[in-house]
Amino acid sequence: MKTALINGLKLLRRSNWMLTLPILMLLVAGIMFVYSACYVSDDQTVRPLYERQIVWVVAGLGAYVVLALYDFRRFKRFGTWAYGTALALLVLVLFIGRTIYGAKRWLMLFGENGIGIQPSEITKLATIILLAHRLSESGRDLSNPREVATTLALVAVPVALIMKQPDLGTALVFVPTAFIMMFVAGVPFRYLGSLVGMGVVFVALLLSALFLPARFDASEETQARIRNMTGLSDYQCGRIEVFFHPEKDPLGAGWNKRQSEIAVGSGGLWGKGYLHGTQHSMGFLPRSVGPT
């Protein structure tokens, strides 16, 4: 017991409190926000959501402490295995996953009412571990275009599988993550600059394909054919279109953006005060977080 206490005190002294304190503050803020979003609801499945959040915060802190005691350099041994397992789960979720709000993202353990896991979240961590191992491996020539192409391919596979769910938001998280890791690892700027340039061109072409046909009064059939050429599903195209023009579907896909603007605009710079917001108390939050 004495040895464990001494080791615990050493751990506290070695901890990076500049990193730990913001994490703790965000966790507390998260609990407060979840409580503020559901405390006015009469729905018995919604009201205890903040309690569930507390349970996960405690579990997360426990995992944080355990992993802090573990030598992070040993994670590289599990990189390939974790990445392969994550890809297998992404494939599995396409066949037996549970569809929630239009996307098949969840695998349910222990039955339909059991514990849900989101393979895309597991894939984020697995991909980061694998890339960290590859990019930091001694003797690897990061100026070799084949190495850069391999890194991009390792990111493209999970992105493509997640896009099939479809989950455009989560898929896009992989792009800046991989870019930052390559930048830190020392990939030459000529490659990084080329990737940025290709990304800008891709986004420009994508937005042009979504918006220009309607501007030039193209027929609905022509617009649909051009949208299909982008490789995006109707759901993903709708999300992008509504982001720029939420008035096109104010009661559907544009609901969140519109209500966010109302909430921020009505609260002003300092807000209306904790638990005094009107969007949640009047039932205007989306179904996934609010009492409606």
Principal axes first, then extents: for the Cα atoms of the range 138-292, list largest minus smallest coordinate on each axis, whole Å, largest first.
-> 60, 47, 27
Using a Förster distance of 22 angstrom, determine the FRET efficiency expected from the C-beta separation of VAL58 and SER15, and round it to 0.05.
-> 0.75
Figure the gain on full extension for LEU251 and LEU207 (residue separation times 0.36 nm, minus the Cα-Cα span) and round it to one decimal in nm.
-> 13.5 nm
Relative contact order for the chain, counting Cα pairs under 8 Å that sit 6 or more residues apart, in percent | 16
About its Cα centre, the chain carries a charge dipole, from +1 on Lys and Arg Cβ atoms and -1 on Asp and Glu Cβ atoms, whose size in debye to the nearest 20 is 1120
Take the Cβ-Cβ distance between LEU24 and SER136 as r, set R0 to 35 Å, and report the resulting FRET efficiency rounded to the nearest 0.05.
-> 0.75
Mind ordering 234-244, 184-194 by average Cβ neighbours within 10 Å, highest first?
-> 234-244, 184-194
One checks the Cα atoms of the range 53-126 and finds Rg and Dmax, in Å, of 14.6, 40
Hey, what's the Kirkwood Rh for the chain if you take every pair of different alpha carbons, in angstrom?
-> 22.8
Rounded to one decimal in nm, the spacing of the 7 Å Cα→Cβ label points at LEU49 and SER143 is 5.3
Kindly flag which residue pairs out of LYS164/LYS257; LYS124/LYS272; LYS124/LYS248; LYS104/LYS248 have an alpha-carbon separation exceeding 31 Å in this structure.
-> LYS124/LYS272; LYS124/LYS248
Just tell me, in residue order, which DSSP H segments of the chain are both 15 angstrom or longer along the helix axis (alpha-carbon based) and at least 1.0 in mean Kyte-Doolittle hydropathy.
-> 17-38, 49-68, 79-96, 145-163, 168-185, 189-215
Stretchable slack from THR150 to SER194, in nm (0.36 nm times residue separation minus alpha-carbon distance) | 14.3 nm
For n ≥ 4 DSSP H runs only, could you compute -39500 (n - 2.57) per run for the chain, divide by its residues and tell me the 222 nm figure to the nearest 500?
-> -22000 deg cm²/dmol
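Values quoted throughout were computed directly from the atomic coordinates according to the rules given, and no laboratory measurement underlies them. Nothing here was measured: the structure is a model prediction, and the numbers come from that model. Positions of Cβ are backbone-derived with ideal geometry, glycine not excepted, and every protein chain shown enters the neighbour counts.
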